[in-house]
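Structure record follows, encoded as structure tokens.
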Amino acid sequence: MSLTTPLRPLPKTRRTFDQLAVESFATRAQMGAAAAADIAAALAERLASQPTVRMVFAAAPSQGDMLAALATVPGLDWNRVTAFHMDEYIGLDPASPARFANWLDAHVFNRLPFAAVHRITPEPNAEAEVARYATLMNEAPIDIVCLGIGVNGHIAFNDPPVADFEDPLDVKVVVLDDICRQQQVDDDCFPDFASVPHQAVTLTVPRLVRAERLFCVVPGSIKREAVAKTLYGPIATECPASILRNHPACTLYIDKDSDPDA
């Protein structure tokens with residue numbers, strides 16, 4: 001898809017931070033549409049040169065605009081795409097709408113005819129699920145990751161206290177920090193802080209950045225400080241998303257509210 005097509009809004013600014021491409025848009029809707037167009041183009045390119053594609057999706061309200069636009073792109077052969085997601089709560093009712101697999105079912109997994117969807121299911125044994133999911137992910141390379149950035153700079157559920165850029169694991173159980181748990185309330189995913197689970201299964205930082213192509217979608221004023229630390233701070237686990245500046249093929253999409261320079 002051409003950058004000048006009406007399906008692909010043009011950004012207000014394009015910048016580069018180390019290897020990270022950053023595009024800033026006037027509105028959240030334009031940001032989501034542009035990210036969806038780029039993901040669709042990358043997916044189409046891979047489908048034209050290989051039999052299958054493997055993708056990882058983040059589950060968060062920040063991804064809603066992009067996923068809604070991506071689901072309407074015509075001509076993509078989703079029957080050759082295998083989908084994963086990057087994290088899941090431990091101890092949450094399997095029927096809860098806050099559960100990430102359920103959120104993704106509603107926003108993308110049940111809207112498109114994937115070849116397969118691999119959901120993280122921590123029950124009844126989270127450690128066994130960690131091993132199972134890592135094995136599934138390592139059956140072949142991951143082509144595309146669609147991710148966001150948390151208020152504390154996390155990617156997936158790699159909060160600053162548990163993020164490890166040299167993590168030997170691909171999937172692990174983590175304890176969520178209080179900033180992360182409060183974000184889930186602020187995102188209207190839970191009624192109060194006490195309702196947010198304390199633990200989760202997550203893909204690790206090395207597992208995420210090992211993917212060939214990353215698309216990071218981060219709208220909203222609540223994320224402005226995290227974006228600033230990602231772009232201008234040291235590349236360190238104090239802001240796990242800062243590692244994206246080292247990835248050779250990652251684009252960060254922000255809107256006027258999340259752009260620290262807007």
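Quick one: if you take sqrt(5λ) for each eigenvalue of the C-alpha gyration tensor of the range 75-134, what semi-axes come out, biggest first, whole angstrom?
23, 15, 7
Simple spin-label model, 7 Å along Cα-to-Cβ: Arg111 to Tyr232 in nm?
3.4
Out of the DSSP beta bridges found with both residues in the chain, what percent are antiparallel (nearest 5)?
35
Over the residues of the range 20-255, compute the C-alpha Rg and express it relative to 2.2 N^0.38 Å.
Working: Rg = 16.4 Å, N = 236, 2.2 N^0.38 = 17.5 Å.
Relative to the rule-of-thumb radius for its length, the range 20-255 sits at 0.93.
Can you give the accessible area per residue of the chain, in Å², using a 1.4 Å probe?
So the chain comes to 40 Å² accessible per residue, rounded to a whole number.
Could you name the aspartates and glutamates whose alpha carbon sits less than 18 Å from that of Lys172, not counting residues in the same chain fewer than 8 places away?
The reachable aspartates and glutamates, counting only those whose Cα sits under 18 Å from Lys172, are Asp87, Glu88, Glu123, Glu127, Glu129, Glu139, Asp159, Asp164.
Please check: in the Gaussian network model of the chain (C-alpha springs, under 10 Å), which one of Gln182, Gln30, Gln50 has the largest mean-square fluctuation.
Gln50
Lysines within cross-link reach of Lys256: Cα-Cα under 30 Å, excluding same-chain residues under 8 positions apart?
Candidates past the 8-residue exclusion: Lys12, Lys223, Lys229.
Placing +1 on the Cβ of each Lys and Arg and -1 on the Cβ of each Asp and Glu in the chain, which of Ile142, Gln30, Leu244 has its Cα farthest towards the positive end of the resulting dipole?
Gln30
Using just the Cα positions, wrap the range 220-262 in a convex hull and report its mean projected area in square nanometres, one decimal place.
2.9
For the range 1-155, just list the percent of Cα-Cα distances falling in each 5 Å bin from zero outward, please.
Result returned by the calculation: 2, 8, 16, 21, 20, 16, 10, 5, 2, 0.
Between Ile120, Ile144, Ile222, which gets the highest mean-square fluctuation from a Gaussian network model of the chain, Cα cutoff 10 Å?
Ile222
Kyte-Doolittle cut-off 0.5, length cut-off 18 Å along the helix's own axis using Cα: show which whole DSSP H helices in the chain pass. Write down the numbers at each step before the final one.
On the way: long enough: 28-49 (32 Å, 0.60).
For the chain, where a helix must reach 18 Å along its axis and average at least 0.5, the hits are 28-49.
Can you pull the percent of the chain's accessible area that's carbon plus sulfur, 1.4 Å probe, other chains left in place?
Roughly 55 percent of what the probe reaches on the chain is carbon or sulfur.
On a full-extension model of 0.36 nm per residue, what is the gain between Arg210 and Arg80, subtracting their alpha-carbon distance, rounded to one decimal in nm?
Length gained, Arg210 through Arg80: 44.7 nm.
The values are calculated or read from the model by the stated rules, or taken from the named source; none is laboratory data. Worth saying up front: this structure is predicted, and the values here are computed from it rather than measured. Methodologically, a virtual Cβ is constructed for each residue, glycine included, from the backbone with ideal geometry; neighbour enumeration extends over all protein chains shown. What goes into the accessible areas is simple: the full protein's heavy atoms, side chains included, and nothing from ligands, DNA or RNA. Shrake-Rupley method; radii C 1.70, N 1.55, O 1.52, S 1.80 Å.
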